[in-house]
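Written below as structure tokens is the structure these notes are about.
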Amino acid sequence: MLNFILKRSLLALPTLFLVSLMVFLLVRMIPGDPASVLLGEGADAASIAAINARLGLDQPLPVQFLIWVQNLFRGDLGTSIITREPVLALVFERFRLSATIILLSVGVAALIAVPLGILAAWKQDKGVDLLIVGLATLALSIPSFWLGLMFLMYFGIDLGWAPVVGFVPFAEDPLKSLSYLALPVLTLGVIEVGVLTRMARSSAIEVLRLEYISHAKAKGLSNRAVLLRHVLPNAFGPTLTLIGIVMGTLLGGIAVIETVFTLPGLGRLLVESIYQRDYPVVQGCLLMIAVGYVVLNLIVDLLYPIFDPRVTLD
């Protein structure tokens, strides 16, 4: 396993290098610059030039990129131009909140979607199957921002069951912190239940058509035993892959949910930093998202042999 992890990590290095290069170039293609944001619209050219020189933005782009890469190898993502905070600490703090929301959402969705998908496959083309598929299709068709706003209006404003603005860190008040996360997790969970249910159903249908399932039934095993011992382990592999993809996608697009629920997560930090032309923070956020995606894929690969003995890490 250690050799597999080392190989995958080495293969990920070129990907991360290309991502860092693209991030560096794309950020600098955004109209405007940090000096104009700091000094305002009426700033003169001399003041802007002085700010750019102090920030090192007056040097050629290749030089700026090499300096940034050298700092990366030392674990230094730079300092925020706006807040003067270390980017690594700032990004990691926001990343923890975003990762918590994603893990809870996808975890709850998987616990609901996998049994529903297998049940729908077992009752294929019957009323239960049509109902589950219909609800799953409806769930994944709803825009996340709209569903979040509806939950805010109903559960937050009308019923008063959950707070609608702000956030309390988990270290300060665990229960209150979870109350702020309840609606975002519910919003993403509902949508991802639809995605994962369809995949679990499709995988389970393929497994149910195989000969060893007929053999298990012929031996007199109960339906429960057939589903739990034979269908679930062999049908869960594709769903596990989709879970990894979904988590990576949510990590890159969670800014919408964090904006709707005013949560200080990584996505919201990225959007705010783009508006402020805070180059180091934008680069740090995007690099963190890329690293998170690579790590998620590695974890999925490591989990595969647990659910499918035919797969090895060799």
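The values are calculated or read from the model by the stated rules, or taken from the named source; none is laboratory data. Everything numeric in this text was worked out from a predicted model, so none of it was measured. Because the Cβ atoms are built from the backbone with ideal geometry, glycine has one as well, and the counts that use them run over all protein chains shown.
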Note on Lys176: of the conditions (1) over 24 Å from Pro305 (Cα atoms); (2) touching a residue at least 40 places away in the same chain (Cβ under 8 Å), unmet is (2)
Considering region 10-66, residues that are farther than 20 Å from Ile82 by Cα and of a type in the set (Val, Ile, Thr), and then whichever is modelled with the highest pLDDT, we arrive at Val63
All conditions in (1) touching a residue at least 12 places away in the same chain (Cβ under 8 Å); (2) within 23 Å of Glu272 (Cα to Cα); (3) over 20 Å from the mean Cα position of the chain (by Cα); (4) assigned to a helix (DSSP H, G or I) are true of Ile82 except (4)
Among helices (runs of 4 or more DSSP H) completely within region 228-314, the ones holding 1 or more residues that are out of contact with any helix residue (DSSP H, G or I) (no Cβ under 8 Å at 6 or more places or on another chain) and without any contact (Cβ under 8 Å) to a residue 40 or more places away in the chain are 232-253, 266-276, 279-307
The one condition Met199 fails out of (1) crowded, with 18+ Cβ neighbours inside 10 Å; (2) in a loop (DSSP other than H, G, I, E, B) is (2)
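Kindly check whether there is at least one residue in region 212-228 that is closer than 24 Å to Met247 by Cα and assigned by TED's automatic domain parsing to the domain that holds Thr249.
Taking region 212-228 first, the residues closer than 24 Å to Met247 by Cα are none.
No, the conditions are met nowhere in region 212-228.
Among the residues in region 154-161, are any surrounded by fewer than 16 Cβ atoms within 10 Å (Cβ to Cβ), farther than 17 Å from Leu232 by Cβ and among the β-branched types (Val, Ile, Thr)? Break it down into steps so the answer makes sense when it comes.
So the first thing to find is which residues in region 154-161 are surrounded by fewer than 16 Cβ atoms within 10 Å (Cβ to Cβ), and the list is 154, 157-161.
Those left that are additionally farther than 17 Å from Leu232 by Cβ: 154, 157-161.
Then keep just the ones that are among the β-branched types (Val, Ile, Thr); that gives 157.
Yes, the conditions are met somewhere in region 154-161.
Quick one: in region 245-267, of everything that is surrounded by 19 or more Cβ atoms within 10 Å (Cβ to Cβ) and small (Gly, Ala, Ser), which residue is nearest to Lys176 (Cα to Cα)?
The qualifying residue nearest to Lys176 (Cα to Cα) is Gly265.
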